[in-house]
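This report concerns only the one structure given below.
The values are calculated or read from the model by the stated rules, or taken from the named source; none is laboratory data. Everything quoted here is computed from the prediction, not taken from an experiment. Reconstructed Cβ throughout: ideal geometry from the backbone, glycine too, with neighbour counts over all protein chains shown.
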Amino acid sequence: MHGSRAANEALLLDLERRLRPEWPIDIVVFPPFVYLADAVRLLEGGRIGVGAQDVCAESPGAFTGQVGAGMLVDVGCRYAIVGHSERRRLFHEDDTLVARKFAAAARSGLIPVICVGETLEEREAGATEAVVARQLDAVTAVHGIASLAQAIVAYEPVWAIGTGRNASPQQAQDVHAFLRSRMAVQDATLAGQVRIVYGGSVKAGNAAELFSMPDVDGGLVGGASLSADEFQQICAAAAARH
């Protein structure tokens with residue numbers, strides 16, 4: 001919950017000016033709901049896509065305060081994050097609700113970005129793989145492995161978000177490889193094509209090393225995205241991977 005109308009406009013226009021057209025990467029920003037239409041207007045015709053930070057699981061109806069997937073499409077969104085660690089932790093969203101949000105986004109033509117990740121306590125207990133498998137399986141068990149073909153998986157270790165602690169590139173790679181192998185059990189071809197991005201304090205200083213890992217396909221960037229210079233450097237690191 002950052003930014004203002006004026007600050008967002010300055011940031012987005014600055015970022016658009018800094019990006020190189022030859023970079024072979026997809027770049028998406030996820031502003032708060034109230035600024036989505038502004039972002040779509042500002043970035044129209046450019047190379048930056050726009051997504052929402054959340055989406056309602058319900059079909060249109062009496063759900064005061066919620067924002068439906070169709071509404072997001074209507075204002076020009078192409079992506080929606082579901083299951084972000086803060087939604088799970090602060091708003092008590094469980095795996096079942098996240099799977100329903102995933103389905104709502106996909107039905108409306110949005111590309112869901114499904115977030116999975118463990119807490120520090122779960123990592124220290126050796127439960128990382130069990131946790132991320134459960135979170136991913138909640139989607140595939142209901143909607144099938146094919147539902148991930150038009151989705152992005154984001155591994156965000158909760159213990160490395162806004163804490164100053166970073167997962168090492170090898171720690172990120174290990175979990176990404178596990179997620180890919182989990183998908184490969186059901187569909188090896190799809191598993192090789194699904195983009196798995198890392199979201200845990202990605203910065204200009206660690207992006208290149210993170211993105212050098214074979215199963216890390218990009219980043220879900222948090223605080224560093226509030227600086228056009230920092231975000232540009234992260235995008236450059238992602239482009240260099242290709």
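The stretch 49-136 holds helices (runs of 4 or more DSSP H) entirely within its bounds, and those carrying 2 or more residues that are among the acidic types (D, E) and more than 14 Å from the chain's Cα centre (by Cα) map to 120-124. Residues in the stretch 137-162 that are within 18 Å of S201 (Cα to Cα) and assigned to a loop (DSSP other than H, G, I, E, B) were compared, and the one that is modelled with the lowest pLDDT is G162.
Selection of first residues in the stretch 202-226 that are over 19 Å from F178 (Cα atoms) and free of Cβ contacts under 8 Å to residues at least 40 places away in the same chain and of second residues that are of a type in the set (F, W, Y) and crowded, with 22+ Cβ neighbours inside 10 Å, restricted to Cβ pairs under 7 Å at least 6 apart or on distinct chains, gives the following pairs, ordered by first then second residue: V221/F231; A224/F231. Condition first: of a type in the set (G, A, S) and touching a helix residue (DSSP H, G or I) at 6+ places or on another chain (Cβ under 8 Å). Can you find one or more residues in the stretch 117-127 that meet it? Yes: one or more hits. Candidates in the stretch 1-54 are the residues that are of a type in the set (K, R) and under 16 Å from R78 (Cβ atoms); of these, the one that is modelled with the lowest pLDDT is R47. Give the residue that is farthest from the chain's Cα centre (by Cα), with candidates limited to residues of the stretch 188-242 that are hydroxyl-bearing (S, T, Y) and more than 22 Å from E86 (Cβ to Cβ). The residue in question is T189.
Only residues that are in contact with a Pro (Cβ under 9 Å, 6 or more places away or on another chain) and within 15 Å of A106 (Cβ to Cβ): list them for the stretch 125-147, please. V139, S147, listed by residue number.
Here the condition is being surrounded by fewer than 15 Cβ atoms within 10 Å (Cβ to Cβ) and either farther than 22 Å from D26 by Cβ or small (G, A, S) (or both); of A146, A167, it holds for A146 alone. When Q193, Q150 are screened for being farther than 19 Å from A239 by Cα and not hydrophobic (A, V, I, L, M, F, W, C), only Q150 passes. If you check G46 against the conditions, is it of a type in the set (G, A, S), under 23 Å from G218 (Cα atoms) and assigned to a loop (DSSP other than H, G, I, E, B)? When the stated conditions are applied, G46 passes them.
Scanning the stretch 27-81 for residues that are surrounded by fewer than 19 Cβ atoms within 10 Å (Cβ to Cβ), in contact (Cβ under 8 Å) with a residue 40 or more places away in the chain and of a type in the set (D, E) gives a single hit, E58. Would you mind finding the one in D174, D187, D229 that is touching a residue at least 60 places away in the same chain (Cβ under 8 Å), surrounded by fewer than 21 Cβ atoms within 10 Å (Cβ to Cβ) and acidic (D, E)? Sole residue among the options that is touching a residue at least 60 places away in the same chain (Cβ under 8 Å), surrounded by fewer than 21 Cβ atoms within 10 Å (Cβ to Cβ) and acidic (D, E): D229.
If I ask for residues that are more than 14 Å from A240 (Cα to Cα), of a type in the set (A, V, I, L, M, F, W, C) and surrounded by 23 or more Cβ atoms within 10 Å (Cβ to Cβ), which ones from the stretch 200-220 would you list? Correct list: V202 only.
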